[in-house]
Every structure is written in C-alpha cells, then in structure tokens.
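In what follows, a structure is listed as structure tokens, so that the remarks can point back to it.
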Amino acid sequence: MRVREITNDEGRRLLQIIRRSSGSVVRWRRAQMVLLSAQGMDVAQIAKVAFTSPDRVREVLHNFNDDGFDSLAPKYAASRPAG
C-alpha cells in the first residue's frame with residue numbers, strides 16, 4: 001500500500017509539519033509516514049523508521065488517502081468531552 005500521489009503544495013505542507021519543532025508529536029509522526037510513502041518507501045520500511053507496526057502505517061496512509069490533512073490531527077484534539 002502507498003499513499004496517493006501528493007501535490008507539490010501538499011508535499012510542502014508535510015515538510016512544514018515535520019520541520020516544526022513545536023506542535024503535536026502525533027501529527028508530526030503521521031506526516032512523516034505520509035511523506036516517506038510519497039517518496040517511495042514501503043510500509044515495512046516506514047514502520048521501522050517510525051518505530052511502529054506496519055498495520056499502523058497502513059492505517060495512517062489509508063486515512064490520509066481518504067481525509068487528507070484532517071487525518072493527521074490527533075483524535076482527542078478534534079472532539080470535546082460529552083457533557
């Protein structure tokens with residue numbers, strides 16, 4: 001599995017996320033996985049670099065293919081507690 005073809009603008013946005021030292025670590029790791037896939041790295045290699053499972057890499061790539069940059073944000077940041 002690979003990430004869909006990304007545009008030059010999307011590539012620049014991913015690099016911006018990765019180069020920033022502030023912000024969510026979750027978002028940074030997901031952006032890294034997407035960018036590595038776009039550069040031709042396979043799922044197993046990305047999993048080794050990102051210290052995660054191949055299944056997790058596939059999930060991140062699948063979500064990015066479906067939802068774009070919205071998929072990079074941690075789930076807990078997108079919702080408020082019920083109440």
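Quick note: the coordinates plus some simple rules give every number you see, no bench work behind them. Remember, it's a predicted structure, so these values are computed and weren't measured experimentally. Heads up, the Cβs are rebuilt from the backbone with ideal geometry, glycines too, and the neighbour counts pull from every protein chain shown.
For this structure, a couple of remarks:
- Qualifying residue in the range 15-22 (condition: of a type outside the set (S, T, N, Q), part of a helix (DSSP H, G or I) and more than 20 Å from Glu5 (Cα to Cα)): yes
- When the range 23-39 is filtered for residues that are in contact with a Leu (Cβ under 9 Å, 6 or more places away or on another chain) and assigned to a loop (DSSP other than H, G, I, E, B), only Ser24 remains.
- Sole residue being surrounded by fewer than 18 Cβ atoms within 10 Å (Cβ to Cβ), in a helix (DSSP H, G or I), within 9 Å of the chain's Cα centre (by Cα) and in contact (Cβ under 8 Å) with a residue 24 or more places away in the chain, chosen from Phe64, Phe69: Phe69
- Residue match in the range 40-54 (condition: surrounded by 10 or more Cβ atoms within 10 Å (Cβ to Cβ), assigned to a helix (DSSP H, G or I) and touching a residue at least 60 places away in the same chain (Cβ under 8 Å)): no
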